[in-house]
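Below: one structure, written as structure tokens.
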Amino acid sequence: MALPLIEAPAGVKHKRALLDVPVRELIEWLAQRGEKPLRARQLRHWLLNAGADSLTAMTDLPKGLRHALDAEFTPLGTRVVRRLEAEDGTHKLLVKLSDDRLIECVLIQEDRRRTACISTQVGCGMGCVFCASGLDGVDRNLTTGEILEQLIRLRGQTPEPRRLTHVVVMGMGEPLANLDNLLSALEMATAKEGLGIGARHVTISTVGLPAKMRRLADLRKQYHLAVSLHAPNDALRNQIVPTNDKTGLDTIMAAADYFFEKTGRQVTYEYVLLHGLNDDPSHARELARLLKGRRAHVNLIPFNDVPGLPYRRPTPDALAKFMNPLRQAGISVKVRKRKGSQIDAACGQLRREVVAS
Ligand code: SAH
């Protein structure tokens, strides 16, 4: 169900969003106005917990302070310009940033799970051949506030008592190419006084940037790592994932092993199945050999159609034949369920439609 485009309120464009102001800076700003650090906590509470989208709603802040804040900051810097809802409860939001660029985020609801799928960049620079997000390259990284605001907006779509249980960083962009901003956003998302989402319920998906994977491992957070493999050897992966040419599978696998050693968290390997390209049972056998001896989980993702791209998903029979060798090798494997397909829930598609129209 498509709702009409919601028009922008005037005048909010150039003010900095409050969630983009680091706590220390906010406390300093408050101190200069004779306000206690506690006010910073109140502000964050209103934004992160109470879902306030205006300063007027923040009734326990003195009026004078609210005016001073209003002169410099905006509570939220992004706006939801389109909201799509599929019959299976999946919501997709098209979000406009302060510079009028567009990003997407998705809420997936299943039983008690409320999973937010969020973006980290406008577009993507990795250029995976089948992916809609990277077709026009990357414009810029999202700020910490822009990442967090997606979570706030998606939580707003959940039924009372509004809450998110899981986060998957699998929207537009390469999360590890914007690691600092992502980490700050996740700090607030997982803090008790933030959004209170369990760190173990956060999954970061990467094309495979080894140095950043190692850095993430060294932080010893409980975040889960998913690596987009899509091929069991370099020759094939180079065709599908252009960045592989410089990196190579060995380096990526070594970084994934390092992540497991440091965090004890089993790595997930994602594998998008593209009919006739990487879905042959021989590829599955090769994948099984690659993962042998590793504690790994494989997530098979039948390709979601992208208009204009020549790829197709495998037939159910081909999918079953691909799974067999993996199962026989004792590898834990799942097929990702298709959610919200009526609303183009695959990343980057809605934005392309709107930008193109
Ligand atoms: N840059 C990150 C996040 C990408 S989105 C990464 O590469 O992991 C999360 C997953 O969806 C990735 O595995 C990505 O390759 C996959 N994906 C992208 N477009 C897809 C499509 N049209 N159909 C199926 N999976 C897709």
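The values are calculated or read from the model by the stated rules, or taken from the named source; none is laboratory data. On a predicted model such as this, the values are computed, not experimentally measured, just so you know. No Cβ is skipped: glycine too gets one built from the backbone with ideal geometry, and neighbour counts run over all protein chains shown.
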* To do: Might you check whether a residue that is part of a loop (DSSP other than H, G, I, E, B), more than 16 Å from the ligand (Cβ to nearest atom), out of contact with any strand residue (DSSP E or B) (no Cβ under 9 Å at 6 or more places or on another chain) and small (Gly, Ala, Ser) occurs anywhere in the range 183-195?
  => yes
* To do: Give me the pairs, please: first residue somewhere in the range 122-146 and farther than 22 Å from ALA185 by Cα and within 7 Å of the ligand (Cβ to nearest atom), second residue anywhere and among the β-branched types (Val, Ile, Thr) and modelled with pLDDT under 95, beta-carbon distance under 6 Å, and either six or more positions apart or on two chains.
  => ALA132/VAL306
* **Among (1) assigned to a helix (DSSP H, G or I); (2) buried (at least 17 other Cβ atoms within 10 Å of the Cβ); (3) of a type outside the set (Phe, Trp, Tyr) - the single one GLN157 does not satisfy** => (1)
* Does the range 219-243 hold any residues that are without any contact (Cβ under 8 Å) to a residue 40 or more places away in the chain, more than 15 Å from the ligand (Cβ to nearest atom) and either of a type in the set (D, E, K, R) or at positive phi (or both), and which are they? -> ASP234
* Search result, residues across the range 103-148 that are of a type in the set (Lys, Arg) and closer than 15 Å to LEU176 by Cα -> ARG140
